Amino acid sequence: MGGNNPLPLKVLIAEDSEDDALLLVRELQRGGYQVQMQRVDSSEKMKAALRGQKWDLIITDHNMPNFDSGDALALAKEYDANVPFIVVSGSIGEEVAVDAMKSGAHDYVMKNNLTRLLPAIERELRESENRRAHQAAEARIRHMAFHDSLTGLINRTEFERHLNANKENAQNNSETHALLYIDLDQFKLVNDSCGHLAGDELLRKLTRHLQHDIRSSDILARLGGDEFGVLLKHCRPECAIKIANGLLNSIRNYRFVWNDRSFRVGASIGLVMVTGSESTDALLSMADMACYAAKDSGRNRVHTYTEEDAQLTQRRGEMQWIHALQDALTDNGLLLYRQRILGLQGETSHYELLLRMRGKDNEIITPDKFIPAAERYNLMPEVDQWVIGHALEKLEKLHAEKSLSAAQDTVFINLSGNSLSDGSLASYIHGQLQKHSIPPGRVGFEITETAAIADIGCATALIRNLRKFGCKVALDDFGTGMSSFSYLKYLEVDYIKIDGSFVRPMLEEPMDSAIVEAINTIGHVAGIQTIAEFVENEAILQRLSGIGVDFAQGWAIEHPQPFLDLQ
């Protein structure tokens, strides 16, 4: 080992015999190490040495005056339990050695058999490196669960936790905090004119800009898209308004430059005081309403929430979509689109059905605009039944025309979380399958992981019934929950769809790639086929195929198309 380039090794030796310590150093030098050694023989000296610098290896004798290997081990574990700790003694008995190993020592070597020393050290140095790498990976996974990967800010989940804690603090201690909801006004212009790379860079730079403009005690989060949240701790209304206007001016004066093009970015800010009387969800909803009111009033301004804002927002926002959706349900204003799910391992391809709505000017409206209102006002069970009935009716037509795709592929239909508790849904599906004479194996249903976990009892019962009919079931957006894998024991599905937030960046982010591989492996162990979502380019497609993912779906394969264009 080492050759002409000895490997540096910092060794702390707890030993009362200087000769024995030098003997150990010579053994290490013969093994190819360039040794930097410090010898200690008491608890006080060892504490000082551990505080003084970082050590690669700790070796201790067992018996020293008023100091033994157990004392040294306790100090070493306080310092860093990952540092290899080896007992080298001439008097240690087997029982004592075993106790030392149980307490955390990594190995023991007898002084009359130092031939075991180098192999033991080499092994433990490797194991130490592996432990550190594993802990770093775990720390990164924990960080990813609560932070936004693009900006490094905490994400919505972690922000809600902070908001809830401070809400309770305000309630118990009569403290006053403030919540700001920030929505950028010109972000879409940058995205549309310069592309997503420019948009991502804008968000990163603006994040750093905003961090300089808030107090050290305040909490900044990315809530999603171009929306940010700020929790102003211990902040009275007049102070909150001053800080919010300062942020607004800072954003307004910011210039973003991309490929010699300069952009001004504005923002609308909603402000609500946190007094402890409202739930966390209600606070975020009120702040969002205030932000909406700021936009409605001309943008680039701060609006403080009032009760009138809630009525205004409900009237102008959600109720408009509810009326439009109700009209669409009765006037054939809803449309079915489809997107291909490509088989990567020789499997037959499938399709997912997607819902659209036709607007007043015949524009095609995507579901993210109207589904939130439908969920809030419990209209989704009716929407789901419309989709199921019309999808199976169209499938019957395609089968009658002997369409090759309709005869061979599975068509997946999304079920909302609101529908899981609908006790009549299973019988409705069964009746529609019989009415339209559709082979059940050609019909699949997708349920999001979040919805399934939120209502695990109803989800399990519905999945069991659907599979009993002969239909396929896919668990959508898999991997977003903190206990995703454990639920696979209870949710007997045919497919899991790997969430696109892991798939999209997997070529640039090794951790995302590892998560995709882990989900794919666990799925296959459970006898479940895997589908990767949001596959946006050929390189990702090839990578997924190489690691054995069964299916892929995304713009690299097909953009959504009208359902009857199925070929």
Some residue of segment 427-447 being open to solvent by 60 Å² or more (accessible area, probe 1.4 Å) and either in contact with a Ser or Thr (Cβ under 9 Å, 6 or more places away or on another chain) or acidic (Asp, Glu) (or both): yes
Flag if ALA532 is at pLDDT 95 or above and within 16 Å of the chain's Cα centre (by Cα): yes
Residues (in contact with a Gly (Cβ under 9 Å, 6 or more places away or on another chain) and either at pLDDT below 85 or surrounded by fewer than 16 Cβ atoms within 10 Å (Cβ to Cβ) (or both)) located in segment 194-212: ARG204
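Okay, residues lined up against (1) free of Cβ contacts under 8 Å to residues at least 24 places away in the same chain; (2) open to solvent by 30 Å² or more (accessible area, probe 1.4 Å); (3) among the aromatic types (Phe, Trp, Tyr):
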| position | (1), (2), (3) |
| --- | --- |
| SER149 | no, yes, no |
| LEU153 | no, no, no |
| THR157 | yes, yes, no |
| GLU168 | no, yes, no |
| SER174 | yes, yes, no |
| ALA178 | no, no, no |
| ASP183 | no, no, no |
| LEU189 | no, yes, no |
| ASP192 | yes, yes, no |
ARG51 vs. criteria part of a helix (DSSP H, G or I) and either within 25 Å of ASP16 (Cβ to Cβ) or at pLDDT 90 or above (or both): yes
Total residues in segment 37-51, condition touching a residue at least 12 places away in the same chain (Cβ under 8 Å) and open to solvent by 30 Å² or more (accessible area, probe 1.4 Å): 6
Extreme residue, nearest to THR348 (Cα to Cα), among residues of segment 525-540 that are of a type in the set (A, V, I, L, M, F, W, C) and open to solvent by 20 Å² or more (accessible area, probe 1.4 Å): PHE534
Test for SER405: is it at pLDDT below 90 and within 30 Å of the chain's Cα centre (by Cα): no
Residue in segment 169-184 that is assigned to a helix (DSSP H, G or I) and either at pLDDT 90 or above or in contact with a helix residue (DSSP H, G or I) (Cβ under 9 Å, 6 or more places away or on another chain) (or both) present: no
Residue list for segment 494-510, filter: aliphatic (A, V, I, L, M), crowded, with 16+ Cβ neighbours inside 10 Å and over 13 Å from GLY554 (Cβ atoms): ILE496
Pairs, first closer than 19 Å to GLY343 by Cβ in segment 512-541, second open to solvent by 70 Å² or more (accessible area, probe 1.4 Å) and aromatic (Phe, Trp, Tyr), C-beta under 9 Å, six or more apart: ILE519/PHE485; PHE534/TRP555; VAL535/TRP555; GLU536/TRP555; ASN537/TRP555; ILE540/PHE534
Among the candidates VAL493, VAL516, residue that is assigned to a loop (DSSP other than H, G, I, E, B), closer than 24 Å to SER349 by Cβ and among the aliphatic types (A, V, I, L, M): VAL493
Residue in segment 128-146 that is closer than 24 Å to SER285 by Cα and either touching an Asp or Glu at 6+ places or on another chain (Cβ under 9 Å) or in a helix (DSSP H, G or I) (or both) present: yes
Some residue of segment 256-271 being among the polar types (S, T, N, Q), surrounded by 18 or more Cβ atoms within 10 Å (Cβ to Cβ) and in a helix (DSSP H, G or I): no
Candidates LEU114, LEU118, LEU125, LEU163, filtered to the one that is in a helix (DSSP H, G or I), in contact with a Lys or Arg (Cβ under 9 Å, 6 or more places away or on another chain) and not β-branched (Val, Ile, Thr): LEU118
Residue in segment 275-282 that is within 21 Å of ASP148 (Cβ to Cβ), part of a helix (DSSP H, G or I), open to solvent by less than 70 Å² (accessible area, probe 1.4 Å) and not aliphatic (A, V, I, L, M) present: yes
Selected residue (only one of VAL98, VAL109 is open to solvent by 40 Å² or more (accessible area, probe 1.4 Å) and either without any contact (Cβ under 8 Å) to a residue 24 or more places away in the chain or touching a Cys at 6+ places or on another chain (Cβ under 7 Å) (or both)): VAL98
Candidate set: segment 119-142, residues that are surrounded by 14 or more Cβ atoms within 10 Å (Cβ to Cβ) and in contact with a strand residue (DSSP E or B) (Cβ under 9 Å, 6 or more places away or on another chain); chosen: the one farthest from VAL35 (Cα to Cα): SER128
Selection status of SER250, farther than 19 Å from ASP200 by Cβ and surrounded by fewer than 21 Cβ atoms within 10 Å (Cβ to Cβ): yes
Residue in segment 114-122 that is of a type in the set (D, E, K, R) and under 38 Å from the mean Cα position of the chain (by Cα) present: yes
Among residues of segment 65-79, those that are touching a strand residue (DSSP E or B) at 6+ places or on another chain (Cβ under 9 Å), open to solvent by 20 Å² or more (accessible area, probe 1.4 Å) and not in a helix (DSSP H, G or I), counted: 1
Tabulated pairs, segment 423-450, first assigned to a helix (DSSP H, G or I), second open to solvent by 30 Å² or more (accessible area, probe 1.4 Å) and aromatic (Phe, Trp, Tyr), C-beta under 6 angstrom, 6+ apart or interchain: HIS430/PHE469; PRO440/PHE469
Residues (of a type outside the set (A, V, I, L, M, F, W, C), more than 16 Å from TRP55 (Cβ to Cβ) and in a loop (DSSP other than H, G, I, E, B)) located in segment 1-40: GLY2, GLY3, ASN4, ASN5, PRO6, ASP16, SER17, GLY31, GLY32
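The values are calculated or read from the model by the stated rules, or taken from the named source; none is laboratory data. In this text the structure is predicted, and so the values were computed from the model without any measurement. Note that we place each Cβ from the backbone using ideal geometry, even for glycine, and neighbour counts take in every protein chain shown. Protein only, heavy atoms only, side chains kept; ligands, DNA and RNA dropped before computing areas. Shrake-Rupley method; radii C 1.70, N 1.55, O 1.52, S 1.80 Å.
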